[in-house]
Amino acid sequence: MSLFRKFFGSHNPASEEDKDNEYNKFSPENDAPLEEQFVYNFKKNGGKFLYCENETEVKDHLEHILEENDWFESEALCYEPGLFSLLEENKIAFDKPTNPTFLLAGCENLIADEGSILFSSKQIKQRKPNELPVNIIIIATTSQIIGTKSDGLSVIKKKYIKDYPTNITTIKYFEKAAEEDFTQYGSTAKNLYLLLLEDL
């Protein structure tokens, strides 16, 4: 049984107090596995996390997100040909969008110690985070979860021996801070959904 199914697959509703206790158990201070560290930090940053056991669940969750936000018949920004079919199936325009409602993308890695998403020009071209739509849907796999940003840079270096990507950046904040926080200075909060596909 996968770690994610074990911890997040239960359909029994839990109280907020139980959820808090569960997250405390998996917080980075307790030497939890990378998967739990990532989920804990990602949710703490305001990210929306949806676990998927297979590709059918990825498609179902994507449809629910589109329906929940009324994004059908809108425009999306997407630079990855492997994801175009998901947009076509849902009648979302993505060829030269003039005013994209959301970005649909993969990522290089998921960074456990800060709950952030690592991108490169392979997913977002030369756009800076503040030039991306406010709404983002990321499709990633559990094998992409790694410890730190420096681990992520090492993975990119090994993965792209030729055609090394540029514009390597992370997005970490997924909701606007209630109070001004100097750690968020210069960053743009994104409404981010992560569809995490089990592949381990």
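The values are calculated or read from the model by the stated rules, or taken from the named source; none is laboratory data. Please read all numbers here as calculations on a predicted model, not as lab measurements. Cβ coordinates were reconstructed from backbone atoms using ideal geometry, including for glycine residues, and neighbour counts include every protein chain displayed.
Just name the residue that is nearest to E131 (Cα to Cα) out of those in the stretch 72-91 that are crowded, with 16+ Cβ neighbours inside 10 Å and small (G, A, S). The extreme case among them is A76. Answer yes if at least one residue in the stretch 101-118 is touching a Pro at 6+ places or on another chain (Cβ under 6 Å) and either small (G, A, S) or not in a strand (DSSP E or B) (or both), and no otherwise. For the stretch 101-118, residues touching a Pro at 6+ places or on another chain (Cβ under 6 Å) and either small (G, A, S) or not in a strand (DSSP E or B) (or both): absent. K96 falls short on exactly one of the conditions (1) surrounded by 18 or more Cβ atoms within 10 Å (Cβ to Cβ); (2) of a type in the set (K, R); (3) farther than 17 Å from I171 by Cα, and that condition is (1).
Of all residues in the stretch 17-56, those being at pLDDT 75 or above and over 21 Å from N109 (Cα atoms) number 1. Of the residues making up the stretch 45-85, those that are closer than 20 Å to K125 by Cα and touching a residue at least 24 places away in the same chain (Cβ under 8 Å) are E75, A76, L77, C78, Y79, E80, G82, L83. Checked against (1) within 17 Å of the chain's Cα centre (by Cα); (2) at pLDDT 95 or above, S150 passes all but a single condition, namely (1).
Pairs meeting the criteria (first residue in the stretch 156-184 and under 23 Å from V39 (Cα atoms) and in a loop (DSSP other than H, G, I, E, B), second residue basic (K, R) and modelled with pLDDT of 85 or more, beta carbons under 8 Å, at least 6 apart or on different chains) are Y173/K190; F174/K48; F174/K190.
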